[in-house]
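Quick notes on the structure that follows.
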Amino acid sequence: MELTVNGDVVTFDAAPTVAELLTRLDLPDCGVAVAVDGVVRPSADWDRPLKPFAEIDILTAVQGG
């Protein structure tokens with residue numbers, strides 16, 4: 001199964017959840033916003049499997065000024 005994550009194609013054997021995707025990419029599960037096909041997915045829905053060929057945008061919070 002293929003997903004596009006921040007412009008890069010990522011392949012999985014089975015449909016991952018957002019939480020599994022973040023783990024695979026070594027990203028934290030807090031301070032992160034995830035959009036699936038242009039719609040922000042609330043963290044309460046991160047346990048739903050992603051659909052094939054979904055376009056995922058992941059934004060992380062960064063401190064600074």
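A short reminder: the numbers here are calculations on the coordinates, not readings from a lab. What you are looking at is a predicted structure, and each value in this text was computed from that prediction instead of being measured. As a convention, Cβ positions derive from the backbone with ideal geometry for all residues, glycine included, and neighbour counts pool all protein chains shown.
For this structure, a couple of remarks:
- Per-pair calculated FRET efficiency, R0 = 22 Å: Ala61 and Glu2 via Cβ, rounded to 0.05: 0.20
- What the pair-distance distribution of the chain shows, using all Cα-Cα distances binned every 5 Å from zero, is 4, 18, 32, 27, 12, 4, 2, 1, 0 percent.
- Considering only alpha-carbon pairs that sit under 8 angstrom and 6 or more positions apart, the relative contact order computed for the chain is 43 percent.
- Backbone HN-Hα couplings from phi across the range 42-47 [Karplus 6.51/-1.76/1.60, Hz, Gly and Pro as x]: x, 4, 5, 9, 6, 8
- Within the chain, helix-based [θ] at 222 nm, where runs of 4 or more DSSP H residues each add -39,500 (n - 2.57), nearest 500: -2500 deg cm²/dmol
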